[in-house]
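Enquirer: Before we start, here is the structure in question, set down as structure tokens.
The values are calculated or read from the model by the stated rules, or taken from the named source; none is laboratory data. Small disclaimer: the values here were computed from a predicted structure and weren't measured. Glycine also receives a Cβ, built like all others from the backbone with ideal geometry; neighbour counts cover every protein chain displayed. Each accessible area value is taken on the protein alone, full model and side chains, heavy atoms only, with ligands, DNA and RNA left out. Shrake-Rupley method; radii C 1.70, N 1.55, O 1.52, S 1.80 Å.
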Amino acid sequence: MEFRQLRYFCAVAEEGNLTHAAEALGLRSPSLSQQIRALEEDLGTRLFERSATGMTLTASGEALLPEARAALADVERARRAVERADSAVRVHTVGLPAGVPASLPVRVRAAARALGAEVAFEDVATDRQLPRLRHGDLDLGVLTMPVEQITGLETRIVHREPLGMLMAEGHGLAANDRIDWEELHDQQLLWFPRERAPGYHDALLAACHAAGWRPRLRISTARRAITHAELTTGEPVVALRPAYAAEPGLVWRPLRAEAPTMEFAVAWMRDTPHPLLPLLARDLGR
């Protein structure tokens, strides 16, 4: 088992599609496929179920994914530790959850460089960022709000986005310019596991209930390729997402009234030994 194979495996698992993963990695699809099969042969088990619509993890693949991510994170931390020791420029580790707008990490990096620092991003769900911030394993977190109150945790909202309904182009509600809550009574809501962002999960469901919609939940990962596959089955299913989640084959429609909001905040521990972090958060929050 090679380090690069674990990286390739995680990319395919996250994209749910070999071609998309190959594009993200800068590889040819046949080369990536060959590496995945070599990893499967080395482990003596299939890691993916392959179909015309993409690749989904087998039980063995699901078992490997968190371990592979942890191994990659350990190697990345080791690499950054060496870089920090060899450089006068401080490199800050920043956690990023799924679903952030593409502009946000760009802003974080630009703000850090303006203060003479660099950042290295890690893909970390909001719930997993909190203990890592406490233990100093992450310097800065980008959190999907709201989050539980933690002693010493400072937060600053840096992005706010209204939510609307994401659906397939051929969905029965796609012809509407705006969506009324009452039009959603027979729709399933494509949703995510609560443990990834408990505060956001509960707040959005509470907003749906307050608007009179108690949807039947369809739990799935937030990964783009899987979201696309779930929304294009021809079934009555929608997702509550920001407008930037729309892509070819999907359309986004605003809610007519009482639209909930997605908020992202940067977070750091008040007793951090790095005085740059409050300055960075201040600049991002302007």
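Enquirer: Among the residues of segment 196-206, write down those that are touching a residue at least 60 places away in the same chain (Cβ under 8 Å) and either within 18 Å of residue 227 (Cα to Cα) or surrounded by 18 or more Cβ atoms within 10 Å (Cβ to Cβ) (or both).
Expert: The answer is 196, 197, 200.
Enquirer: Here's another thing I want to ask about it. Out of 98, 71, 63, I need the residue that is closer than 27 Å to residue 268 by Cα, more than 17 Å from the chain's Cα centre (by Cα), open to solvent by 20 Å² or more (accessible area, probe 1.4 Å) and among the small types (Gly, Ala, Ser). Which one?
Expert: Values: 98 fails: more than 17 Å from the chain's Cα centre (by Cα); 63 fails: closer than 27 Å to residue 268 by Cα.
Going through 98, 71, 63 in turn, the sole match is 71.
Enquirer: Mind telling me which of the residues 174, 125, 168 ends up being open to solvent by less than 60 Å² (accessible area, probe 1.4 Å), over 20 Å from residue 272 (Cβ atoms) and more than 22 Å from the chain's Cα centre (by Cα)? I'd like the intermediate steps shown before the answer.
Expert: Working: 125 fails: more than 22 Å from the chain's Cα centre (by Cα); 168 fails: more than 22 Å from the chain's Cα centre (by Cα).
Every option except 174 fails the conditions.
Enquirer: Let me ask you something else. Let me confirm something: among 39, 25, 57, 6, which residue is open to solvent by less than 70 Å² (accessible area, probe 1.4 Å), out of contact with any Phe, Trp or Tyr (no Cβ under 8 Å at 6 or more places or on another chain) and aliphatic (A, V, I, L, M)?
Expert: One residue alone meets the criteria, 6.
Enquirer: Next up: Quick check on segment 70-92. Is at least one of its residues in contact with a Leu (Cβ under 8 Å, 6 or more places away or on another chain) and modelled with pLDDT of 90 or more? Working first, answer last.
Expert: The initial filter retains those residues of segment 70-92 that are in contact with a Leu (Cβ under 8 Å, 6 or more places away or on another chain), namely 71-72, 90, 92.
After this cut, where a residue has to be modelled with pLDDT of 90 or more as well, the list is none.
The answer is no; no qualifying residue exists.
Enquirer: Right, next: Would you confirm, using the coordinates I've provided, whether residue 282 is open to solvent by 50 Å² or more (accessible area, probe 1.4 Å), farther than 27 Å from residue 12 by Cα, part of a helix (DSSP H, G or I) and touching a residue at least 60 places away in the same chain (Cβ under 8 Å)? I'd like the intermediate steps shown before the answer.
Expert: Numbers: open to solvent by 50 Å² or more (accessible area, probe 1.4 Å): yes; farther than 27 Å from residue 12 by Cα: yes; part of a helix (DSSP H, G or I): yes; touching a residue at least 60 places away in the same chain (Cβ under 8 Å): yes.
Criteria met by residue 282.
Enquirer: Taking the stated definitions as given, is residue 268 farther than 27 Å from residue 13 by Cβ, aromatic (Phe, Trp, Tyr) and open to solvent by less than 30 Å² (accessible area, probe 1.4 Å)? Quick ask: steps written out before the conclusion?
Expert: Values: farther than 27 Å from residue 13 by Cβ: yes; aromatic (Phe, Trp, Tyr): yes; open to solvent by less than 30 Å² (accessible area, probe 1.4 Å): yes.
Against the criterion (farther than 27 Å from residue 13 by Cβ, aromatic (Phe, Trp, Tyr) and open to solvent by less than 30 Å² (accessible area, probe 1.4 Å)), residue 268 qualifies.
Enquirer: Continuing with this model, one more query. Identify, please: which residue in segment 129-152 is over 19 Å from the mean Cα position of the chain (by Cα) and among the polar types (S, T, N, Q) and is, among those, farthest from residue 270 (Cα to Cα)?
Expert: So the residue we want is 149.
Enquirer: Could I ask something else about it? Search segment 184-195 for residues being surrounded by 14 or more Cβ atoms within 10 Å (Cβ to Cβ) and not aromatic (Phe, Trp, Tyr), and hand back the single one that is farthest from the chain's Cα centre (by Cα).
Expert: 184
Enquirer: If you don't mind, another one. Of everything in segment 108-117, what is touching a helix residue (DSSP H, G or I) at 6+ places or on another chain (Cβ under 6 Å) and open to solvent by 10 Å² or more (accessible area, probe 1.4 Å)? Give them in sequence order.
Expert: Answer for segment 108-117, where residues must be touching a helix residue (DSSP H, G or I) at 6+ places or on another chain (Cβ under 6 Å) and open to solvent by 10 Å² or more (accessible area, probe 1.4 Å): 111, 115.
Enquirer: Looking at segment 10-22, which of the residues that are within 17 Å of the chain's Cα centre (by Cα) and part of a helix (DSSP H, G or I) is surrounded by the most Cβ atoms within 10 Å (Cβ to Cβ)? Write out each step before concluding.
Expert: Of all residues in segment 10-22, those within 17 Å of the chain's Cα centre (by Cα) come to 10-17, 20-21.
When the remaining residues are screened for being part of a helix (DSSP H, G or I), the result is 10-15, 20-21.
Details: 10: 18, 11: 19, 12: 27, 13: 23, 14: 21, 15: 21, 20: 18, 21: 25.
Checked segment 10-22; the qualifying residue surrounded by the most Cβ atoms within 10 Å (Cβ to Cβ) is 12.
Enquirer: Tell me, yes or no, whether segment 211-223 has at least one residue that is modelled with pLDDT of 95 or more, within 30 Å of residue 109 (Cα to Cα) and open to solvent by 30 Å² or more (accessible area, probe 1.4 Å).
Expert: Scanning segment 211-223, I find no residue that is modelled with pLDDT of 95 or more, within 30 Å of residue 109 (Cα to Cα) and open to solvent by 30 Å² or more (accessible area, probe 1.4 Å), so the answer is no.
Enquirer: Can I ask one more? Can you report the number of residues in segment 147-191 which are more than 30 Å from residue 136 (Cβ to Cβ) and either outside any strand (DSSP E or B) or without any contact (Cβ under 8 Å) to a residue 24 or more places away in the chain (or both)?
Expert: 18
Enquirer: Against the definition (open to solvent by 40 Å² or more (accessible area, probe 1.4 Å), among the basic types (Lys, Arg) and under 23 Å from the mean Cα position of the chain (by Cα)), how does residue 50 come out, yes or no? If you could, list the steps in order and put the result at the bottom.
Expert: Details: open to solvent by 40 Å² or more (accessible area, probe 1.4 Å): yes; among the basic types (Lys, Arg): yes; under 23 Å from the mean Cα position of the chain (by Cα): no.
Spelling it out, it is not the case that residue 50 is open to solvent by 40 Å² or more (accessible area, probe 1.4 Å), among the basic types (Lys, Arg) and under 23 Å from the mean Cα position of the chain (by Cα).
Enquirer: Let me ask something else about it. Hey, does segment 242-249 have a residue that's open to solvent by less than 40 Å² (accessible area, probe 1.4 Å) and at positive phi?
Expert: yes
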